[in-house]
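S.K.: Pasting in a structure now, in structure tokens, and then I'll have a few things to ask.
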Amino acid sequence: MSPNNHTLDITTLETWLWEAACKIRGPVDAPKFKDYILPLVFLKRLSDVFDDEVARLGEEFGSRATAERLVEDDHDLVRFYLPEAARWGRLAKLTTGLGEALTDAVRAVSRENPKLAGVIDVVDFNATQAGQRKRATTGCGNWCSTDRRSRGALHCAWTRESLSPPQGLR
């Protein structure tokens, strides 16, 4: 419940979240947005599978550390090798340079796994509309924040725009 005793229905919440996603997405057309999302989902899945395979090898060889050393020496022990910089656990901790790190990560995965070339490395997460690369100054976690002065408006530092909360929650 909100401070003024109004409940938030699911339709209003979905609308507000969609509008927030559109603000964050910026000038990227909705159909093109999949070019950014699908590689992220695929990278997350590859990372999860890689971690599971290393854990299984750790059980087989006595420790995860031993398994990690073996995998570093012989990439054929896992279905898809992920360099340290491309592993989700490392990427999730980043607070700056996220676009550049994601692009570098998918390119590294592609280099290590040629079968994935053209599948996972199809987008530059730091590209502008003109296709030129820019350096990120903040991570995704810093792009959006709640502005308490404007009664809960969502402010996106990336697009420099604000999105007001649904009517019933102001």
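S.K.: Can you tell me which of F80, F50 is modelled with pLDDT of 95 or more and either among the hydroxyl-bearing types (S, T, Y) or in a helix (DSSP H, G or I) (or both)?
M.R.: Working: F80 fails: either among the hydroxyl-bearing types (S, T, Y) or in a helix (DSSP H, G or I) (or both).
Going through F80, F50 in turn, just one is modelled with pLDDT of 95 or more and either among the hydroxyl-bearing types (S, T, Y) or in a helix (DSSP H, G or I) (or both): F50.
S.K.: A further question on this structure: Go through the range 37-69 and count every residue that is buried (at least 17 other Cβ atoms within 10 Å of the Cβ) and either under 17 Å from the mean Cα position of the chain (by Cα) or of a type outside the set (D, E) (or both).
M.R.: Just the residues of the range 37-69 that are buried (at least 17 other Cβ atoms within 10 Å of the Cβ), to begin with: 39-40, 43, 46-47, 50, 53-54, 57-58, 67.
So of that shortlist, the ones also either under 17 Å from the mean Cα position of the chain (by Cα) or of a type outside the set (D, E) (or both) come out as 39-40, 43, 46-47, 50, 54, 57-58, 67.
Counting residues in the range 37-69 that are buried (at least 17 other Cβ atoms within 10 Å of the Cβ) and either under 17 Å from the mean Cα position of the chain (by Cα) or of a type outside the set (D, E) (or both) gives 10.
The values are calculated or read from the model by the stated rules, or taken from the named source; none is laboratory data. Small disclaimer: the values here were computed from a predicted structure and weren't measured. Quick reminder, even Gly has a Cβ in these numbers, built from the backbone with ideal geometry, and neighbours come from all protein chains shown.
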